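What follows is a single structure, written as structure tokens, with notes after it.
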Amino acid sequence: MSKLIFLLFSLVTLLMQYRLWFGVNSLPEYWQLQVQVQQQRDQNTQLSKRNQALNLEIMDLKQGLEAVEERARYELGLIKPNETFYRIVPSPQ
């Protein structure tokens, strides 16, 4: 009788261990999900920083004309009337 109880206990323990390591919602799956959650948090942090920078740039463009002028000069190469444009090219080394 005690051998039967021991075998039954052993079988139940093995079944529980199998489910813990290989079944649905197992430990390896949990660890993989933890890694994915951390990666998503890192990505969210980066996107949040980018959004903050874009919001600051939007506020600057709405409030001041200096930023608009700077972008026009840098990106479009515009100059004001009666200005002389000088381009300084670094020497290749």
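Derivation of every value follows stated rules applied to the coordinates shown; laboratory data play no part. Please read these numbers as outputs of a predicted model, since none were measured by experiment. Cβ coordinates were reconstructed from backbone atoms using ideal geometry, including for glycine residues, and neighbour counts include every protein chain displayed.
Mind checking which of Leu56, Leu65, Leu11 has the largest fluctuation in a GNM of the chain, springs on alpha carbons under 10 Å?
Leu11
Convert each backbone phi in the range 22-33 into a coupling constant with the Karplus relation 6.51 cos²θ - 1.76 cosθ + 1.60 (shift: θ = phi - 60°), then list the ³J(HN,Hα) values in order as whole Hz, x for Gly and Pro.
3J(HN,Hα) across the range 22-33, in whole Hz: 10, x, 5, 6, 7, 4, x, 5, 4, 5, 5, 5.
Do any chymotrypsin sites (Phe, Trp or Tyr not before Pro) in the range 41-93 lie in a DSSP loop with no more than 11 other beta carbon atoms within 10 Å, and if so, which?
When the chymotrypsin sites (Phe, Trp or Tyr not before Pro) of the range 41-93 are filtered for loop state and at most 11 Cβ neighbours within 10 Å, Phe85, Tyr86 remain.
So if R0 is 35 Å, what FRET efficiency would Ala72 and Ser48 give, r being the distance between their Cβ atoms, rounded to the nearest 0.05?
The calculated FRET efficiency here is 0.75.
[x] 2.64; [y] 1.99; [z] 1.17: which one is Cα Rg over 2.2 N^0.38 Å as calculated from this entry?
Matching entry in [x] 2.64; [y] 1.99; [z] 1.17: [x].
With a sphere of radius 15 Å drawn around the Cβ of Leu61, what net charge do the other residues whose Cβ falls strictly inside it have (Lys, Arg +1; Asp, Glu -1)?
After counting each charged neighbour, the total is -3.
For Ser48, Ser2, what's the fewest-to-most ordering of other Cβ within 10 Å of each Cβ?
Ser2, Ser48
Starting from the range 40-93, pick out the trypsin sites (Lys or Arg not before Pro) whose DSSP state is loop and whose Cβ has at most 16 other Cβ atoms within 10 Å.
Arg87
Of Ile5, Thr84, Gln39, whose Cα points farthest to the positive end of the dipole of the chain (charges on the beta-carbon: +1 Lys, Arg; -1 Asp, Glu; origin at the Cα centre)?
Value: Ile5.
What are the ³J(HN,Hα) couplings of the range 74-84, residue after residue, when phi is run through the Karplus curve with 6.51, -1.76, 1.60 and θ = phi - 60°? Round to Hz, x for glycine and proline.
6, 7, 9, x, 7, 10, 7, x, 6, 9, 10
Over the alpha-carbon set of the range 25-78, work out the extent along each principal axis and list the three values in angstrom, largest first.
If we take the Cα atoms of the range 25-78, the spans are 62, 22, 9 Å.
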